[in-house]
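J.: My structure is below; once you've seen it, I'll send some questions.
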């Protein structure tokens, strides 16, 4: 069964994000590791804005 067949259609979810999260899970990343990655990206963006 493919990943697409296991997903419940939801127009509120971006399909690319869903696949990205599935890939992260399948790679062994925990939910907290994904959250930490996004926190660090956000912090880097904020730091870059302050430097301008």
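J.: What is the residue count in segment 10-52 for residues that are in a loop (DSSP other than H, G, I, E, B) and touching a helix residue (DSSP H, G or I) at 6+ places or on another chain (Cβ under 7 Å)?
T.: Restricting attention to segment 10-52, the residues satisfying the condition of being in a loop (DSSP other than H, G, I, E, B) are 10-14, 27-30, 52.
Subset that is touching a helix residue (DSSP H, G or I) at 6+ places or on another chain (Cβ under 7 Å): none.
Going through segment 10-52 one residue at a time, the tally reaches 0.
J.: Quick one: would you say residue 49 is at pLDDT below 90 and surrounded by 10 or more Cβ atoms within 10 Å (Cβ to Cβ)?
T.: Details: at pLDDT below 90: yes; surrounded by 10 or more Cβ atoms within 10 Å (Cβ to Cβ): no.
Judged against the criteria, residue 49 is not a match.
The values are calculated or read from the model by the stated rules, or taken from the named source; none is laboratory data. The structure presented is a predicted model; accordingly, all values stated were derived computationally and were not measured. Glycine also receives a Cβ, built like all others from the backbone with ideal geometry; neighbour counts cover every protein chain displayed.
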